[in-house]
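Q: Before I ask anything, here is the structure I am working with.
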Amino acid sequence: MSRNEAEAIERELSPPFSVVRPPKLKVPLVFNSPHSGRVYPRAFLASSKLDPLTLRRSEDAYVDELFNFATALGTPLLHAHFPRAYLDVNREPYELDPVLFRDGLPHYANTQSVRVVGGLGTIARIVSETEEIYREPLPVEAALERIHRLYVPYHEALAALLVEAKREFGLAVLIDCHSMPSSTRTDRRTTRPDFVLGDRFGTSCGSELTRLAAHSLESLGYGVALNKPYAGGYITEHYGRPHKAQHVLQIEINRALYMDESTFEKSPRFEEIRETLESVIRAFIPGIPDLTVPRAAAE
């Protein structure tokens, strides 16, 4: 990548993410939307064999807007502007696919994770389960530059928000906000539930909160699944430390609830789903002080 291209991308992605803060922190919640970025750098589009609409199929479209009530609750919302197809911050920093690069990878790269093998590393090779993004292999420097310029600052901001919540309230609860296709491309007949809650099978979040969130959604008539097919990615696994008073719950929203998946237009139910999420979180908040430290960790 030339210096001119790098500078152009930096201008297009300035700022690369936003932290929307309330005037005053009121509850120990932090909201994070890592995959709703929709600023596609022109150089990235030119390097792809896919059209812009197809590239967006990996995007958690409008999820940041669905959770924009966060500041009214007295809690911050972090959301990316760069798209997931360009850089995925819900991965280890160096989950790099050797198939994607024309140079040798650094020795510290994780080239064997399940996500890398599936084409969905820190720099994704595919979207929509099978469609290759790039016309030709990338230089390794391109990946390292994205990680240095975007990934590292994003995680520094996320970690700082959690530290702030713990300092203010004694604990922190991260809500990691995502969306999912209504069905897989290989089996259109099988539809997914309305919501999937992921807590890494009880290891990233107090089970009391997971159950409360599930019950709140089910009481409103929504179908809810726990941890299948999404138990949580790197963010849930890395930051979820209930034994250290730091909890992470991932929420996956079925896109068919709030948008047309073929045109990416918001559906008439968009505001209803936003209000549903707000009501669920409001029901969730009173249970936060009751979180307990796992017995084994306390001992």
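Q: Fewest Cβ neighbours within 10 Å first, please rank His215, His238, His107 accordingly.
A: His107, His215, His238
Q: Could you state the angle between the C-alpha long axis of helix 3-12 and the longest principal axis of the C-alpha atoms of the chain, as a value from 0 to 90 degrees rounded to the nearest 10?
A: For helix 3-12, the angle is close to 30 degrees.
Q: Sticking with this one: Considering only lysines 8 or more places apart in sequence, or on different chains, count the pairs in the chain whose C-alpha atoms sit under 21 Å apart. Let's see the in-between values first.
A: Values: Lys24/Lys166; Lys26/Lys166; Lys26/Lys244; Lys166/Lys244.
Close lysine pairs found across the chain: 4.
Q: Per the helix-only calculation at 222 nm, which mean residue ellipticity applies to the chain, given -39500 (n - 2.57) for every DSSP H run of n ≥ 4 and division by its residues, nearest 500 deg cm²/dmol?
A: -8500 deg cm²/dmol
Q: Search the structure for amide H atoms under 5 Å from the amide H of Val30, placed 1.01 Å from N in the peptide plane, and list their residues when 5 or more places away or on another chain.
A: Those qualifying (amide H under 5 Å, at least 5 residues apart or on another chain) are Val173, Leu174, Ile175.
Q: Still on this structure: May I ask you to evaluate 6.51 cos²θ - 1.76 cosθ + 1.60, the Karplus curve with θ = phi - 60°, for each residue of the stretch 135-147 and list the ³J(HN,Hα) values in order in whole Hz, giving x for glycine and proline?
A: 5, 8, x, 9, x, 4, 4, 5, 5, 5, 5, 5, 5
Q: Let me ask something else about it. Identify which of Pro28, Pro15, Pro193 has the largest mean-square fluctuation in a Gaussian network model of the chain, with springs joining Cα atoms closer than 10 Å.
A: Sorting by GNM fluctuation, first place goes to Pro15.
Q: Of [x] 1.11; [y] 0.96; [z] 0.94, which one was derived for Rg/Rh (Cα atoms, Kirkwood Rh) from the structure shown?
A: [y]
Q: Does the stretch 65-203 come out rounded, prolate or oblate by the C-alpha gyration tensor, with a ≥ b ≥ c the root eigenvalues, rounded set by a/c under 1.5 and, if not, prolate when a/b is larger than b/c and oblate if not?
A: oblate
Q: In addition: Once you have the Kirkwood Rh of the stretch 68-144 from its Cα pairs, apply Stokes-Einstein at 37 °C and 0.692 mPa s and quote D in µm²/s. Walk me through the numbers before you get to the answer.
A: Numbers: Rh = 13.7 Å.
So the translational diffusion coefficient is about 240 µm²/s.
Q: While we're looking at this one, here's another question. Relative to the longest principal Cα axis of the chain, at what angle does helix 207-219 sit, 0 to 90 degrees, rounded to 10?
A: On a 0 to 90 degree scale, this one is about 90.
Q: If you don't mind, there's one more thing I want to ask. Taking the chain as the reference, fit the longest principal axis to its C-alpha atoms, fit the long axis of helix 152-169 to the helix C-alpha atoms, and give the angle between the two in degrees, 0 to 90, nearest 10.
A: Once rounded, the angle reads 10 degrees.
Q: Could I ask something else about it? Compute the longest continuous run of the chain that contains no exposed chymotrypsin sites (Phe, Trp or Tyr not before Pro); treat a site as exposed when its DSSP state is not H, G, I, E or B and it has at most 16 other Cβ atoms within 10 Å.
A: On the way: sites that count: Tyr108, Phe201, Phe264.
No qualifying site falls inside 1-107, the longest such stretch.
Every number in this text was worked out from the coordinates using simple rules, so none of it is lab data. This is a predicted model, so every value here is computed, not measured. As a convention, Cβ positions derive from the backbone with ideal geometry for all residues, glycine included, and neighbour counts pool all protein chains shown.
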